[in-house]
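Everything below concerns the one structure shown next.
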Amino acid sequence: MAVTLIGVGIAAVGFYIAAVNTLLLDGNALQDVERRRASLEREVARLQEDVAERQSPAWIQARSYEFGMVAITGVRYIRTDQPVAVAR
């Protein structure tokens, strides 16, 4: 009977050690996931700032000048309810 109790005790200690080891490993994995999540949140915030900047009229105007575009002057519209002819 004593041998059986010792065997059960050893098995219980083994299960306990395995459970603690698993919890420690899961804790490390959880910390890794949390670090990755925080990193991704920072990247999302940075990308949102970049999008907001690139949607600003000043940024669009600066980039358009870099591509050789110029500001328009004197816009004239053609009326579609009247005939239009090209001058020769």
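Read-outs throughout are calculated quantities, based only on the coordinates presented, and are distinct from any laboratory measurement. Worth saying up front: this structure is predicted, and the values here are computed from it rather than measured. Cβ sites come from the backbone with ideal geometry, for glycine too, and all protein chains shown count toward neighbours.
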Which values, in whole Å and largest first, are the semi-axes of the equivalent ellipsoid of the chain obtained as the square root of 5 times each eigenvalue of the Cα gyration tensor? 78, 16, 8
Round to the nearest 10 and give me the degree value, 0 to 90, for the angle of helix 2-54's Cα axis relative to the longest principal axis of the chain. 10
Excluding Ser56 itself, calculate the net charge of residues whose Cβ lies under 14 Å from the Cβ of Ser56, where each Lys or Arg counts +1 and each Asp or Glu counts -1. -1
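Longest segment of the chain with no chymotrypsin sites (Phe, Trp or Tyr not before Pro) in a DSSP loop having at most 14 other Cβ atoms within 10 Å?
Numbers: sites that count: Phe67, Tyr77.
In the chain, the maximal stretch lacking such sites is 1-66.
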